[in-house]
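Working notes for the structure below.
FYI, it's all coordinate maths here, none of it is from the lab. Note that the structure is predicted; figures quoted are calculated from it, not measured. Here the Cβ positions follow ideal geometry from the backbone for every residue, glycine too, while neighbour counts run over all protein chains shown.
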Amino acid sequence: MPLFGKKEETRVDYSRLPSHVAIIMDGNGRWAKSRGLPRTAGHAAGAETFRTIATYCREIGISYLTVYAFSTENWKRPMEEVSAIMGLLRKYLLEAITDMEKEKVRFCFFGDLTPLPYELRELCRRVENTSSKFEGCQVNICLNYGGRDEILRSARAFAADCVAGKRKPEELTEELFAGGLWSAGVPDPDLVIRPSGEVRLSNFLLWQSAYAEFYVTEVNWPDFSKEELRKALAAYQSRSRRFGGI
């Protein structure tokens, strides 16, 4: 029995961590609703959770963390909510610039940034360029991202090369196709985590998640703690990854 009633920490073998963890940051709205708060309050709480989990991933040695921040479908939400999400992202990125030399985290953005406000778009580029010199943990933020949109873009680019005579259809390989995705050069996720109890991908990393392990928890994203991440990592380590073999 734990001393003084302190709950024992989930055991994780830190020498066998997944290289790439991807998270669908879901449940902000439900978290807020359960507390009688506006959805924007849930997004604010979720932003703090993201900061905590990203820092922890860097500390324990996870090489890549990819998070679903804003999908191509999220534009359908009320403008007030969309504006709040964009404002929180702007705040986080400005703070990230200030802390870059200390944190040494590399940031990349997956998705079409064109529809974003000009100031935010330029801030994303500034963060990406400034952090490109850092090695270690890379945080990929999926912003105005959709898995199907990503696949279509790569297919169209290859088709255009074929029309222009630069490629032949029979030259297409998985590696070549993956090179046209937003995630080009980044290894596929080993573990995909979905808080809030929903059991679906929601158009997230459709191509890249072909052999990922999935972990679903009822905990909403704002309540997703370091301990919850340890539970996901322990579950991942308990599985046998065969990639179609025996």
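Some notes on this structure:
- Relative protection proxy for 178-185, 189-196, 34-41, from highest mean packing down: 189-196, 178-185, 34-41 (other beta-carbon atoms within 10 angstrom).
- Residue exposure sequence - M25, M79 - by fewest surrounding Cβ within 10 Å: M79, M25
- Convex hull volume per residue in cubic angstrom - Cα atoms of segment 8-150: 133
- From phi via Karplus (6.51, -1.76, 1.60), per-residue ³J(HN,Hα) for segment 137-146 in Hz, x at Gly/Pro: 7, 10, 9, 9, 9, 7, 10, 6, 10, x
- Charge-dipole axis of the chain as Lys and Arg at +1 and Asp and Glu at -1 on Cβ define it, positive-most pick from V12, C137, F110: V12
- Volume of the Cα convex hull of segment 173-246, divided per residue and given in Å³: 117
- Once the convex hull of all Cα atoms in segment 111-246 is built, its volume per residue stands at 170 Å³.
- Working ranking of peptides 164-174, 137-147, 102-112, 231-241 by packing, defined as the average number of other Cβ atoms within 10 Å per residue, highest first, is 137-147, 102-112, 231-241, 164-174.
- Working note: Cα gyration tensor of the chain, eigenvalues times five, square-rooted, sorted largest first, giving semi-axes of 30, 24, 18 Å.
- Mean residue ellipticity, 222 nm, helices only, the chain: the sum of -39500 (n - 2.57) across DSSP H runs of n ≥ 4, divided by residue count and rounded to 500, is -13500 deg cm²/dmol.
- Mean projected area (nm²) of the alpha-carbon convex hull when segment 64-118 is viewed from all directions: 4.4
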